[in-house]
Amino acid sequence: MYRERPVQWFGGAVAIAAAMVLPIPVQATAVTAIDEFVITRSGITSSLLGTYEGRQVFYRDSFGDGTPPPSAGSFFNGTTGTYNVLGSYPAGAELGGKLGMDSSLGGPFINAIGAGRTLQRSVLPTDADPLTQAGLKETFHTFSVFGLFDLTIPPVRGDGYGIAVNDGGPLGSTESIDFFVRREMNDSLVIRLQEQDFLNSVVNTLELDSLLIPTGADQIELQLQRADLETGALIASYRFWDDGTAMSPSFTTMSATADFFTNSGWARGVFFAVEAVKAVPEPSTLPLLLLGGAGLFAVTRQRRRVDTA
């Protein structure tokens, strides 16, 4: 019995040390539904899709055909769009005029500072020739991107959902302005405006508004707007909805603006759900894990010898 204790102590101590060093994976999934994705734009005399917020509709997806992305909505002239999708949407994700979103179904993504994410993203690819008046162009257009989402609470740090304006396609983008509901790393719930500069490996947090939910609100609408043709500034604003009706005719506008068109002369609208990559053991901790397992095996073996003695 005396000789058993050092073995037990060694095995137990190593196992406890391994448990303390190794990160514990956490289930992180941002789940919501998008009800409406709308882009308005200048330069349209009469849109077949009418107006939204007093402006001609360039593109609208009401998610009513039952077919999830890459199937998309319609442009102002009646043509149908197609999304570039990172990740996937299962059959049945588009139902009842909404598209269900789940960040766990996203694809691997590296943000501008090299941090890993799981991202379920749909980008609407519009014309990228800066000399034409098609698409969303720095030289020719003011525009707004709207996303109306079911108001769900991101459960884990790093989870979020929202809209973006970027210059990307299947191969990625050089810049992205992201506007989304997020649980921050300090557990606070916010509406976040950030800029990602992929060429210079920078993520700038421009503004964080606390997510203060009015009584009865069940949806949140996010807007990124280029209001002035003389500048690339994007204005971020939001408002809450209750049972299919906006709770205010006006949006709450963030004080900070985001500078776009720094690298490209075109823009594209995006909606997404994102989560931080789940923790995995670092290579340096794996030997400790194996050592801990060996220690526990030694304890079990020594106990068996004592029991049979």
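We did not get these values from a lab; they are worked out from the coordinates using the rules stated. Computed from a predicted structure; not experimentally measured. All Cβ positions, even for glycine, are placed from backbone atoms using ideal geometry, and neighbour counts span all protein chains on display.
Which whole-number percent gives the relative contact order of segment 97-211, counting Cα pairs below 8 Å spaced six or more residues apart? Intermediate values should be presented prior to the final figure.
Values: 194 pairs, mean separation 21.4, N = 115.
In percent, rounded to a whole number, it is 19.
Among 37-50, 85-98, how do they line up by average Cβ neighbours within 10 Å per residue, starting with the highest?
Details: 37-50: 17.8, 85-98: 15.6.
Top of the packing list down: 37-50, 85-98.
So what is the diffusion coefficient of segment 72-130 in µm² per second by Stokes-Einstein at 37 °C and 0.692 mPa s, using a Kirkwood Rh over Cα pairs?
Working: Rh = 13.4 Å.
In µm²/s, the coefficient rounds to 244.
Would you mind classifying segment 31-276 by shape? Square roots of the alpha carbon gyration tensor eigenvalues, ordered a ≥ b ≥ c; an a/c under 1.5 is rounded, otherwise it is prolate if a/b is larger than b/c and oblate if not. Please report the intermediate quantities before stating the final value.
Values: a/c = 1.24, a/b = 1.11, b/c = 1.12.
It comes out rounded by the Cα gyration axes.
Give me the dipole magnitude in Debye, nearest 20, for segment 31-276 about the Cα centre, with unit charges on the beta carbon: positive for Lys and Arg, negative for Asp and Glu.
Details: 14 positive and 29 negative charges, 49 e Å.
Here segment 31-276 has a charge dipole of around 240 debye.
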